[in-house]
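See structure below.
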Amino acid sequence: MEFPSTMLDFMHQFSDDDACRAYLEKMRWPNGFTCSRCQGTNASYVASRRLRQCATCRYQASVTAGTIFHATQTSLQKWFLAIFFLARHKQGISALQLQRDLGLGSYQTAWTMLHKIRSALGHRPAFRLTGLIEADETYLGGAVSGGLRGRGAAHKAIVAGAVERRERAAGSVRLAVVPRASKAELGPFVRGVIDANDATVRTDGWSAYDHLGEEGVDHEPTIQGDPTRAAKVLPSIHNVFSHLKTWLRGTFHGVSPKHLDRYLQEFTYRFDRRRREDELFFFVLRRALQGAPLSYSRLTAEVTG
Ligand SMILES: [Zn+2]
């Protein structure tokens, strides 16, 4: 399907809500309308309710039902624009900026839209990492003093990370918030993101990774005396962590640990598709269409580490 790559393309292609709805219908029913109840393919459009009504069983299907756009008070065009900004801006977009750009009534509306989009990005399980992988963890929110790993971390969020190390640039990345940098947290994280039949995991000498070898992981711990050498031993994951921190600081001026998971989803999604930036709008929109509806109260009630 055709997707916009410039602001002018966007304005031309999505000039109003009807154009956005037609686009969603084309994504959802690429071969024409199919009734989810009776598989009928004939439908009429009920303009007043913006629904397709099946000609056979009279089921009324909404293209936005079961998506992040479900029951939204915000126009589809504004949603599309939010996705366009998020996808096209290399650094993403903050809720404050989105509120201004779209003229949204409240910060909360902008914030909720962006978090719904982020949650849709992490909606499907990602494939497992293969080849040479670097795994490590990092602390967000405040300075980290050397040698205090696993201690003094109460006020910081801990992010576990694994990235495929490749010849010239990194491959795919996986990140997760963990409550502690312990064996009980880091072990399952690493085993959960790698394909153990086709992966070699390189870590530093941190004892929480010691057991990986006994659990069937091809593990290469690297003991280094000097913590400043960590970046040399594990350059790819350190590079990822450094980008993550810059991104969180620069675009969002820091984020609440409670919602950090969803920012990690956006970061990971973006990182894994960084060579396909032109198509990102389409990818994100497709996820938005598949993403389950989430209310503001659900979003804020979720405690994610
Ligand atoms: Zn039907």
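Tallying residues that are surrounded by 19 or more Cβ atoms within 10 Å (Cβ to Cβ), of a type outside the set (S, T, N, Q) and touching a residue at least 24 places away in the same chain (Cβ under 8 Å) within segment 111-128 yields 8. Residue count for segment 101-133 under the criterion of being over 15 Å from the mean Cα position of the chain (by Cα), outside any strand (DSSP E or B) and closer than 30 Å to Glu220 by Cα: the result is 1.
Here is a list of conditions, (1) within 16 Å of the ligand (Cβ to nearest atom); (2) in contact with a Leu (Cβ under 6 Å, 6 or more places away or on another chain); (3) modelled with pLDDT of 95 or more; (4) not hydrophobic (A, V, I, L, M, F, W, C), and Lys78 meets all of them except one; can you say which number that is? For Lys78, the exception is condition (1).
Taking the criterion of being in contact with a strand residue (DSSP E or B) (Cβ under 7 Å, 6 or more places away or on another chain) and more than 16 Å from the ligand (Cβ to nearest atom), no residue of segment 55-69 qualifies. Would you be able to say whether some residue in segment 234-257 is surrounded by 18 or more Cβ atoms within 10 Å (Cβ to Cβ), in contact (Cβ under 8 Å) with a residue 24 or more places away in the chain and not in a helix (DSSP H, G or I)? Yes, because at least one residue in segment 234-257 is surrounded by 18 or more Cβ atoms within 10 Å (Cβ to Cβ), in contact (Cβ under 8 Å) with a residue 24 or more places away in the chain and not in a helix (DSSP H, G or I).
Residues considered: Thr34, Thr72. Of these, the only one that is free of Cβ contacts under 8 Å to residues at least 24 places away in the same chain, within 16 Å of the ligand (Cβ to nearest atom) and not aromatic (Phe, Trp, Tyr) is Thr34. So which residues in segment 107-129 are small (Gly, Ala, Ser) and closer than 11 Å to Ala288 by Cα, if there are any at all? Once the filter is applied, which keeps residues that are small (Gly, Ala, Ser) and closer than 11 Å to Ala288 by Cα, segment 107-129 yields Ser119, Ala120, Gly122.
Scan Arg128, Arg52, Arg88 and give me the residue that is more than 16 Å from the ligand (Cβ to nearest atom) and at pLDDT 90 or above. Just a single option satisfies the conditions, and that option is Arg128. Regarding Phe3, is this residue closer than 30 Å to Asp101 by Cα and at pLDDT below 90? Yes.
Taking the criterion of being away from the ligand (no atom under 16 Å from the Cβ), without any contact (Cβ under 8 Å) to a residue 24 or more places away in the chain and either touching a Cys at 6+ places or on another chain (Cβ under 7 Å) or among the β-branched types (Val, Ile, Thr) (or both), would at least one residue in segment 11-24 satisfy it? Among the residues of segment 11-24, not one is away from the ligand (no atom under 16 Å from the Cβ), without any contact (Cβ under 8 Å) to a residue 24 or more places away in the chain and either touching a Cys at 6+ places or on another chain (Cβ under 7 Å) or among the β-branched types (Val, Ile, Thr) (or both), which makes the answer no. Restricting attention to segment 193-246 and to residues that are among the acidic types (Asp, Glu) and farther than 24 Å from Phe127 by Cα, the residue that is modelled with the lowest pLDDT turns out to be Asp226. The single residue among Ala55, Ala87 that is crowded, with 19+ Cβ neighbours inside 10 Å and hydrophobic (A, V, I, L, M, F, W, C) turns out to be Ala87.
The values are calculated or read from the model by the stated rules, or taken from the named source; none is laboratory data. Being a predicted model, the structure only gives us computed values, none of them experimental. Cβ sites come from the backbone with ideal geometry, for glycine too, and all protein chains shown count toward neighbours.
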